[in-house]
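Reviewing the structure listed below.
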Amino acid sequence: MIGVFDSGSGGLTILEALHRRMPDQDFLYLGDHANAPYGHRSNEKIVEMTREAISTLFDAGCTLVVLACNTAAAVALRTLQQKWLPHAYPGRRILGVLVPMVEAITGVPWAQEHPARTSARPKTILLFATQKTVKSGAYVEEVKKRAPTIRLVQKACPGLVDAIEGGTGPKPLAGLIEGYVEEALHEAGGLPDAALLGCTHFPLVRSYFEAAMPESIEILSQPDVVAASLEDYLKRHSEFRKKGSGRIRLMTTGRPEDVNLADSYLPPHLCHFEGGTVL
Ligand code: DGL
């Protein structure tokens, strides 16, 4: 069984793509709605909450967990992979959403930090993300190491995760997103080539980003990129690919009735959360 974790409902955009691409796999999703959003919390707290959630998924029988949260991936993934996982859950794996995105943007494999030559043509990409992901600088740093000709213009979007989780109505939501897009375009100085919705909640409101941006800006789809990357990983590590029946179970640390209500943006099969005890 594959575990998928996010601070809230955003990771469902990743889960949906994983399930579409690998319909024979069973998935267990955990949303830490009781503690969301993570985007403004301290690094220590994010590491602690992420570790707790991953332990819950491992204890429930997952052998591999996808951190479907850019904030947790940017802040906590490396520390947990290096300092905690090998002794706490030897033989299990944690994968994030940042690595496949950086590989897709640069066309350079993660292991190849400073390639002698890069074929990436110069371009500007807008990155919309949480305050914490922006502050970590992880995307900028990792892209620069592999493709210095690519310029990332970061735009933190405080309040947007809350607005999505809270089911804010179309008008205020559009206003919020238009404001962030306008600021990002201004900072870019010219017409950017692409935009990355670098928070897994944001694809839930992709149509608002599309409406607010010039048509020529391509929106990079993180869910599709992550799903392709995981499929490839499972081909190379077949011990984590156990044939299942395509079962999806959604768990939350919050009150399921609140979460289910808030998730009006999602297809019905991804709306039914159960309570937090998965063991
Ligand atoms: N979906 C999370 C992400 O990708 C949102 C983090 C938060 O709770 O602020 O960053």
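The values are calculated or read from the model by the stated rules, or taken from the named source; none is laboratory data. What you are looking at is a predicted structure, and each value in this text was computed from that prediction instead of being measured. Positions of Cβ are generated from backbone atoms using ideal geometry, with glycine treated the same way; all protein chains shown enter the neighbour counts. When the accessible area is computed, the model is the full protein with side chains, heavy atoms only, and any ligands, DNA or RNA have been set aside. Shrake-Rupley method; radii C 1.70, N 1.55, O 1.52, S 1.80 Å.
The set of residues from region 117-139 being aliphatic (A, V, I, L, M) and modelled with pLDDT of 80 or more comprises 125, 126, 127, 129, 134, 138.
Here region 246-265 is the region considered, the condition is being aliphatic (A, V, I, L, M) and modelled with pLDDT under 65, and the residue that is least open to solvent (accessible area, probe 1.4 Å) is 262. Of all the residues in region 92-114, those that are farther than 25 Å from residue 128 by Cβ and buried (at least 16 other Cβ atoms within 10 Å of the Cβ) number 2.
If the condition is being over 17 Å from the mean Cα position of the chain (by Cα) and either among the hydrophobic types (A, V, I, L, M, F, W, C) or in a strand (DSSP E or B) (or both), then region 117-140 contributes 120, 123, 124, 125.
When the criteria are applied in full, residue 86 meets the requirement of being assigned to a helix (DSSP H, G or I), within 27 Å of residue 51 (Cβ to Cβ) and more than 15 Å from the ligand (Cβ to nearest atom).
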